[in-house]
Amino acid sequence: MATAAATATKSAGQIARESFEAIFDRRDVDAVRAIWTEDSVDHFLALGIDARGPAQLAAFFEEFLAAIPDLEATIENLVEDDHHAVVQWRMKGTFDGAPFQGIEPTGAAIEMRGCDVFRFTDDGMLDHNTVYHDGAEFARQIGMLPKRDSAADKGMHAAFNAGQRLKRRLGR
């Protein structure tokens, strides 16, 4: 990544693409610090967390990369306007590195699809980014939840539904 002055001349899409390449292709989280301010925030909706400012943003990505050391990210589509870039992506790798968000590695292969919605300031700095992906599918892939449509998944649904029916009967 370049300095803040240099990013001001780049399109939102260029800045988003270069950020992805720095973090996921080169594993160079520090290169992206040039576009982060203390007010920059990434909303990781599936995880229920916000990373705010350079220290938290860097810590999140360093932890993620350490957890999935062979992570590969592919940009499938990128749409932009003056201040926004929407990046559809696919990531795959093996959760066999360090713990991630308090979860011990399982050695499981993961493949996720998702979308980042970036908003940049007039001078090319990250204002905020909202990250969308299927957290339940990630949990299934690493073994925290049963595989979709497996006997355990069907049993879990049946038990949940039975509990809801019982609550409704007792509530009447």
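Quick check on Ala109: is it modelled with pLDDT of 95 or more, small (Gly, Ala, Ser) and in contact with a strand residue (DSSP E or B) (Cβ under 6 Å, 6 or more places away or on another chain)?
yes
Which one of these does Ala6 not meet: (1) of a type in the set (Gly, Ala, Ser); (2) at pLDDT below 95; (3) in contact with a helix residue (DSSP H, G or I) (Cβ under 7 Å, 6 or more places away or on another chain)?
Exception for Ala6: condition (3).
Okay, residues lined up against (1) of a type in the set (D, E, K, R); (2) outside any strand (DSSP E or B); (3) touching a Lys or Arg at 6+ places or on another chain (Cβ under 8 Å); (4) surrounded by fewer than 17 Cβ atoms within 10 Å (Cβ to Cβ):
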| position | (1), (2), (3), (4) |
| --- | --- |
| Asp123 | yes, yes, no, yes |
| Tyr132 | no, no, no, yes |
| Ala136 | no, yes, no, yes |
| Ala139 | no, yes, no, yes |
| Lys147 | yes, yes, yes, yes |
| Lys154 | yes, yes, no, yes |
| Asn161 | no, yes, no, yes |
| Leu166 | no, yes, no, yes |
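Of all residues in region 121-143, which are out of contact with any Ser or Thr (no Cβ under 8 Å at 6 or more places or on another chain) and hydrophobic (A, V, I, L, M, F, W, C)?
Across region 121-143, the qualifying residues are Val131, Ala136, Phe138, Ala139.
The values are calculated or read from the model by the stated rules, or taken from the named source; none is laboratory data. This is a predicted model, so every value here is computed, not measured. Counting neighbours? That spans all protein chains shown, and the Cβs are built from the backbone with ideal geometry, glycine included.
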